[in-house]
Every structure is written in structure tokens, then in C-alpha cells.
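All remarks here apply to the structure that follows.
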Amino acid sequence: MTRRTVRIAMNGVTGRMGYRQHLVRSVLALREQGGLDLGDGTTLWPEPVLVGRRGLALEEIAAQHGLDHWTTDLDAVLADPAVEIYFDAQVTSARVAAVERAIAAGKHVYCEKPTAPGVADAVRLARLAQQAGVRNGVVQDKLFLPGLRKLKRLVDGGFFGRVLSVRGEFGYWVFEGDWQQAQRPSWNYRAEDGGGITLDMLPHWEYVLHELFGPVTSVQALATTHIPRRWDEAGKPYPATADDAVYGIFELAGGIVAQINSSWAVRVHRDELVEFQVDGTHGSAVAGLRSCRFQHRAATPRPVWNPDQPATERFRDHWQDVPDNGVWDNGFKAQWELFLRHVTLGDPWPWDLLAGARGVHLAALALESSTQARRLPVPELPR
């Protein structure tokens with residue numbers, strides 16, 4: 001077995017997502033399993049080069065995990081011909097300039113979403129990558145969640161008949177930061193720093209809807225800031241200028257209607273932090289992060305509305321679990337493996353920067369819809 005090393009500049013690994021999911025649970029997890037078997041007698045060995053602005057934090061992470069390479073000099077990393085891939089998990093406001101420099105340096109690019117704060121920059125990055133001939137991709141991790149993979153199995157198997165609607169609920173209570181520390185960074189709640197749940201989450205829902213049910217053709221949304229004052233990491237109060245909740249109705253190709261609520265100001269009364277209910281003529285299903293339950297039309301009870309009597313029907317008992325029928329790896333790691341195969345072997349890869357731009361486009365139209373209080377069409381972005 002031949003081992004091939006691929007050096008990856010990983011920018012933003014001092015952040016929560018960049019560190020936990022991308023460095024530790026993806027790239028380092030691949031190293032712990034002995035590398036990525038490419039199936040042709042070659043094992044791909046990922047060698048991360050940690051990049052960021054805080055040298056002490058990078059040095060600490062490198063020492064903790066036995067890594068040799070870290071730097072605060074992005075230009076030096078991009079000038080290194082041994083570095084093949086640039087990965088970006090920085091705050092959104094810093095992403096465009098760095099990704100543009102990586103493309104100009106001829107690096108293959110993989111980055112978190114949203115790919116840019118605005119549509120023009122998101123599309124421009126996609127076109128620059130295409131013109132440069134570099135392989136490029138955007139993280140679309142929700143597609144690899146066990147619950148949604150089970151849901152897709154039902155879709156692909158024709159279980160639903162004609163899909164009628166999709167209803168999604170996502171979110172949880174993020175503490176304000178005064179009497180309990182907030183679970184998310186304060187920049188998420190400042191519009192001037194690129195914050196806002198619409199820009200954060202609607203790119204996710206765009207690819208979930210697009211991949212499972214079809215492209216979004218129209219959007220009507222209400223974005224709002226429920227908690228106008230929060231406290232930052234230093235315990236200082238600040239005005240929350242970004243939206244912390246967005247309520248959207250989306251029409252999909254074929255007439256499917258999707259309604260998805262996203263909020264950082266909701267207390268969870270669900271089995272999981274995100275749930276999607278899909279209703280079709282032949283059956284329904286409810287999918288979360290890991291589980292998926294279904295009800296066929298032959299097993300659908302006959303509810304009767306009677307507010308004068310207590311409910312006696314245990315509606316949840318009429319649903320069945322979709323079996324695992326496989327081993328589900330970490331979703332971020334699974335997509336990293338596919339991207340590395342795409343870079344080294346040319347395997348198919350549908351989640352490029354243009355796919356990321358679609359998500360930014362939907363978020364922008366949702367915010368515009370909220371401002372104008374009307375439904376807007378979602379035109380297809382030109383490739």
C-alpha cells in the first residue's frame with residue numbers, strides 16, 4: 001500500500017465548528033483510522049497546516065494533537081506549492097477575501113457555508129474557481145445526517161407517493177449571556193459582523209430541500225430579532241442587530257410546499273433539535289438528526305375532532321422506525337472523504353461553490369421578502 005500525503009491549509013480551526021467537526025472529527029479522525037483508502041492501492045494521508053490570527057491558540061491546538069505545522073501567515077501558506085487544498089471555516093465576513101486568494105494561488109478550495117455575506121460575492125467566487133480550473137466544494141453536512149439519509153431512502157423508494165408538504169422546526173434557546181453564558185459566539189447576533197440566523201441556516205435548508213425534494217421556486221419569509229439585547233464573551237451588553245429567528249414558506253418545483261421555522265429564541269419540545277415532517281399521498285415521515293419514523297396510509301388512524309372529550313388516541317404509537325441498515329459515520333467526515341476523493345481521483349462532486357451560492361441567494365431573497373412583506377420568486381442562478 002502506497003501512502004500519499006495531501007497538505008491542507010485549514011483556516012479557522014480555533015473556532016468551534018472548525019475545531020470540533022472539521023479538524024478533530026474529520027481530518028484527524030481520518031489519520032486515526034490510518035488514512036483514506038482510495039481503493040487503488042493508495043492511502044491518502046491528510047496533513048493539516050493550521051492557519052489563523054491567534055498564534056498562541058494555534059500553537060496550543062498543534063501541541064495537543066501532535067501536529068507540526070501552524071502559522072498566522074496565510075499568504076506564505078498559499079505560496080507553498082506543497083499545500084494542495086485550502087479549507088475555510090472563518091467567520092463569514094472574512095471568507096471571501098481568503099477564498100479568492102486561495103483560488104488565485106491555484107489551490108483546491110473547500111469551505112463552510114455561507115460562502116459569502118452576499119450573492120454577488122458568492123457567485124463571483126464560483127466563477128473564479130471555474131475559470132481557474134480548481135476543484136471546489138462547500139460543506140453541506142445536513143445531507144449526511146443519519147435521520148436525513150433515512151428520509152432520503154424513503155424518498156428514493158417512492159414511499160410518499162406524491163409529496164405534498166415539508167414542515168421543519170429547528171433551533172433552541174441561546175442564553176442571552178447575562179445570567180448564563182451564551183452557547184454561541186456574540187458575532188452571530190451582530191449584523192455588522194455577518195451574523196443572522198437567516199444567512200446562517202437558510203443555506204442549509206436550501207440544499208436539504210433541493211437534494212431531497214427539488215429546487216426552491218419562491219420564498220415568503222419573516223425575519224425578526226426577538227432578543228434585542230445580549231451580553232458578549234466579556235460580559236458586556238450589546239445591541240443584537242441581527243435576526244435571531246426566521247419563519248419561511250417555500251414553494252418547490254412540482255408544487256411541494258415547505259414551511260421551515262428557525263430560531264435561537266425557542267425552547268425545545270421536540271425529540272431532536274431539528275425535525276422535518278414530510279407528508280405525501282401514500283405516507284408521512286418525521287426525520288431528525290439521527291432518527292426517522294414513518295406512517296403508511298394503511299396504518300393511518302382516523303382522528304375525530306372533539307374538544308369536549310380528552311384525547312384517547314396515542315398518535316405516536318402508530319409510527320414505525322426506519323431501521324439503520326448501515327453504519328453512519330460523522331457527516332462532516334463523510335463529506336471530507338468524498339471531497340478528498342474528488343480532488344485526488346476526480347470522483348463526482350455536486351456540491352461546488354455555485355451550490356453554495358444558491359444557499360446565499362435564498363437567504364438574501366428571504367431577507368428581502370421579509371422587508372417587503374411579500375412572496376418572491378427564486379430564479380435559477382446561471383452556471
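The values are calculated or read from the model by the stated rules, or taken from the named source; none is laboratory data. Treat the numbers as computed from the prediction; the structure is a model and nothing was measured. Cβ placement follows ideal geometry from the backbone for every residue including glycine, while neighbour counts extend to all protein chains displayed.
Some observations on this one:
- Restricting attention to the range 54-71, the residues that are modelled with pLDDT under 95, farther than 15 Å from Arg7 by Cα and not in a helix (DSSP H, G or I) total 1.
- Yes/no for Val139 being buried (at least 23 other Cβ atoms within 10 Å of the Cβ), out of contact with any strand residue (DSSP E or B) (no Cβ under 6 Å at 6 or more places or on another chain) and within 20 Å of Leu209 (Cα to Cα): yes
- Of the residues screened, Gln90 is not one that is polar (S, T, N, Q), closer than 21 Å to Leu28 by Cα and surrounded by fewer than 19 Cβ atoms within 10 Å (Cβ to Cβ).
- Annotation: Pro350 fulfils all but one of (1) under 30 Å from Arg383 (Cα atoms); (2) surrounded by fewer than 17 Cβ atoms within 10 Å (Cβ to Cβ); (3) touching a residue at least 60 places away in the same chain (Cβ under 8 Å); the unmet one is (3).
- Residue within the range 317-331 that is within 15 Å of Asp37 (Cβ to Cβ) and out of contact with any strand residue (DSSP E or B) (no Cβ under 6 Å at 6 or more places or on another chain) present: yes
- Exactly one residue out of Leu354, Leu289 is in a loop (DSSP other than H, G, I, E, B) and either in contact with a helix residue (DSSP H, G or I) (Cβ under 7 Å, 6 or more places away or on another chain) or at positive phi (or both), and it is Leu289.
- Residue match in the range 331-343 (condition: more than 30 Å from Ile8 (Cα to Cα) and surrounded by 15 or more Cβ atoms within 10 Å (Cβ to Cβ)): no
- Given (1) in contact (Cβ under 8 Å) with a residue 60 or more places away in the chain; (2) within 21 Å of the chain's Cα centre (by Cα); (3) within 21 Å of Asp40 (Cα to Cα), number of the condition Leu338 does not satisfy: (1)
- Count of residues meeting criterion [touching a Leu at 6+ places or on another chain (Cβ under 8 Å), under 18 Å from Leu164 (Cβ atoms) and part of a loop (DSSP other than H, G, I, E, B)] in the range 232-279: 1
- The requirement of being closer than 24 Å to Glu112 by Cβ, surrounded by fewer than 18 Cβ atoms within 10 Å (Cβ to Cβ) and touching a residue at least 12 places away in the same chain (Cβ under 8 Å) is satisfied by Trp328.
- Of all residues in the range 297-322, those being of a type in the set (Gly, Ala, Ser) and either exposed (fewer than 11 other Cβ atoms within 10 Å of the Cβ) or not assigned by TED's automatic domain parsing to the domain that holds Gly283 (or both) number 2.
- Residue check for Pro48: in the same structural domain as Ala126 (by TED's automatic domain parsing), without any contact (Cβ under 8 Å) to a residue 24 or more places away in the chain and outside any helix (DSSP H, G or I): no
- If the condition is being more than 18 Å from Phe213 (Cα to Cα) and exposed (fewer than 15 other Cβ atoms within 10 Å of the Cβ), then the range 272-289 contributes only Leu273.
- Going through (1) in contact with a strand residue (DSSP E or B) (Cβ under 9 Å, 6 or more places away or on another chain); (2) closer than 23 Å to Ala132 by Cα; (3) at pLDDT below 95 one by one, Leu74 falls short only on (3).
- Reported count of residues in the range 13-45, each being touching a helix residue (DSSP H, G or I) at 6+ places or on another chain (Cβ under 9 Å), modelled with pLDDT of 95 or more and assigned to a strand (DSSP E or B), is 3.
- Among the candidates Phe294, Phe276, Phe339, residue that is in contact with a Gly (Cβ under 8 Å, 6 or more places away or on another chain) and in the same structural domain as Tyr86 (by TED's automatic domain parsing): Phe339
- Residue within the range 337-348 that is in a loop (DSSP other than H, G, I, E, B), more than 23 Å from Gly288 (Cα to Cα) and in contact with a Phe, Trp or Tyr (Cβ under 8 Å, 6 or more places away or on another chain) present: no
- Qualifying residue in the range 198-214 (condition: part of a loop (DSSP other than H, G, I, E, B) and in the same structural domain as Glu275 (by TED's automatic domain parsing)): yes
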